[in-house]
Amino acid sequence: MISYREARQIVAEVAGACVRAVPRARETVALAEALGSVLAEPLRADRDAPPFDRSTRDGFAVRSADVGQTPRNLTLVGEVRAGGEFAGTVGAGQCVQIMTGAALPKGADAVVMIEHTQANGVQIEVQRAVAAGANVVVRGRETKAGTEVLRAGTRLGFAEVSIAAEFGHAQVAVYARPRVSILSTGDEVVPVGQTPGPFQIRNSNSHSLAAQVTQAGGIPVPLGAVADDSEKLRAKVLDGLGADALVLSGGVSMGKYDLVEGVLRELGAEFKFDAVAIRPGKPAVFGVCRGKPVLGLPGNPVSTMVTFELFGVPLVDILSGAPPRALPLVKARLRSPIRLKAALAHFLPGELTWSDDGTYVAELAWQGSGDVATLARANCFLVIPETKLEFAAGDWVDLLPRRDRI
């Protein structure tokens, strides 16, 4: 049995080999549709940024030499707003009213903030001295024309979309989002819209996994649920292998009707691991079947969600054409003590809070890996390492934020 860190590394290596064997397809999409996609080609600046000497404040454009000593009266000779232009030149003893984002007029080399002036008609009293360049960003200071502003392999977030728009990239070349088949297993699993029998459960895993795949940047391909029957499972698995990856939930433990590993082996799967030293989620399996990555997750919902976050997200990252994102562990102080027995890394539902006293996290009382109601109230997982299973109140601990809550 391996650690979750080792398992994540294996997933990254195997997914990378799959991408090298069959490179990701590329497509050109409108920038408005590109959020979350990964750039297949670098983007460059088509002009300087800013494209002119730009004021960063509302105030008056001046010659700094005129206001070396204050107070000093200057004559107002015009104004310039954002998007406009002052046609003249600022001469000695003159100033031009200027708005934030406007181009600095010729002759001026600084901006005095309006708060530091007093107007009396066309006479502007400057009450505070400024040096050359004050409150101005000179042309090209942020970016020079031709500079690579986004590298290939960059996932487009809101800031990346903004910079692409700033430099005129209305369309961008991206890697096609990976299609991830999702299959739930178990005789007890029925569709969400169906009234379950007294010993059945609704197929929540397909929906939570679809949400996690989408959030990670993939396209979910739901295959519904399949009963604990080898022939039916085999047919569904073959369907699922038509996508870029297959994720199954349930059927990966050691029970009589846990059929997933056996069916995959019959289809030629090579497993890279079949258990991970974590709780919940210990019986997670990962391998390659017919050239496609296959991730088998435990069927209990919290286990399914934890293991996809640990192993599914880096898988989707790499299949998307991006490097795997690091696990975003942060630290907070415990509100109450924790004592565990099993020498496994634990991922416990928690609530992270912020106050003037600092950042604190509390374990939420839960009933095990089937308790989705508690996880829905959690905004993070406490990460308790296998090497230290006891923590006192006030101790610093690692936590894994829920990406959709923090």
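The values are calculated or read from the model by the stated rules, or taken from the named source; none is laboratory data. Everything quoted here is computed from the prediction, not taken from an experiment. No Cβ is skipped: glycine too gets one built from the backbone with ideal geometry, and neighbour counts run over all protein chains shown.
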Of G217, G186, G193, G197, the only residue that is on the phi > 0 side of the Ramachandran plot and either exposed (fewer than 15 other Cβ atoms within 10 Å of the Cβ) or within 31 Å of the chain's Cα centre (by Cα) (or both) is G217
Residues of the stretch 66-106 being in contact with a Gly (Cβ under 7 Å, 6 or more places away or on another chain), hydroxyl-bearing (S, T, Y) and closer than 15 Å to A119 by Cα, in sequence order, are T75
Those strands (runs of 3 or more DSSP E) completely within the stretch 125-207 that have 2 or more residues that are of a type in the set (S, T, N, Q) and out of contact with any Pro (no Cβ under 7 Å at 6 or more places or on another chain) are 179-185
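Is one or more of the residues making up the stretch 308-322 of a type outside the set (S, T, N, Q), in contact (Cβ under 8 Å) with a residue 60 or more places away in the chain and exposed (fewer than 15 other Cβ atoms within 10 Å of the Cβ)?
no
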Of the residues in the stretch 311-345, those that are charged (D, E, K, R) and in contact with a Pro (Cβ under 9 Å, 6 or more places away or on another chain) come to D317, R325
When A210 is run through (1) without any contact (Cβ under 8 Å) to a residue 60 or more places away in the chain; (2) outside any helix (DSSP H, G or I); (3) under 26 Å from the mean Cα position of the chain (by Cα), the failure sits at (2)
Checked the stretch 227-248 for anything at pLDDT 95 or above and not in a helix (DSSP H, G or I); matches are L241, G242, A243, D244, A245, L246, V247, L248
Per the filter on the stretch 221-267, residues of a type in the set (D, E), surrounded by fewer than 17 Cβ atoms within 10 Å (Cβ to Cβ) and within 34 Å of the chain's Cα centre (by Cα) are D239
Screening G84, G101 for residues that are free of Cβ contacts under 8 Å to residues at least 24 places away in the same chain and either closer than 30 Å to F167 by Cβ or in a strand (DSSP E or B) (or both) leaves only G84
Wholly inside the stretch 268-387, helices (runs of 4 or more DSSP H) that include 1 or more residues that are under 21 Å from A216 (Cβ atoms) and either assigned by TED's automatic domain parsing to the domain that holds L248 or over 26 Å from the mean Cα position of the chain (by Cα) (or both) are 301-307, 313-319
When (1) loosely packed, with under 12 Cβ neighbours inside 10 Å; (2) closer than 15 Å to S303 by Cα are applied to G370, the one that fails is (1)
Exactly one of A7, A32 is surrounded by fewer than 18 Cβ atoms within 10 Å (Cβ to Cβ), within 23 Å of the chain's Cα centre (by Cα) and of a type outside the set (D, E, K, R), and that one is A32
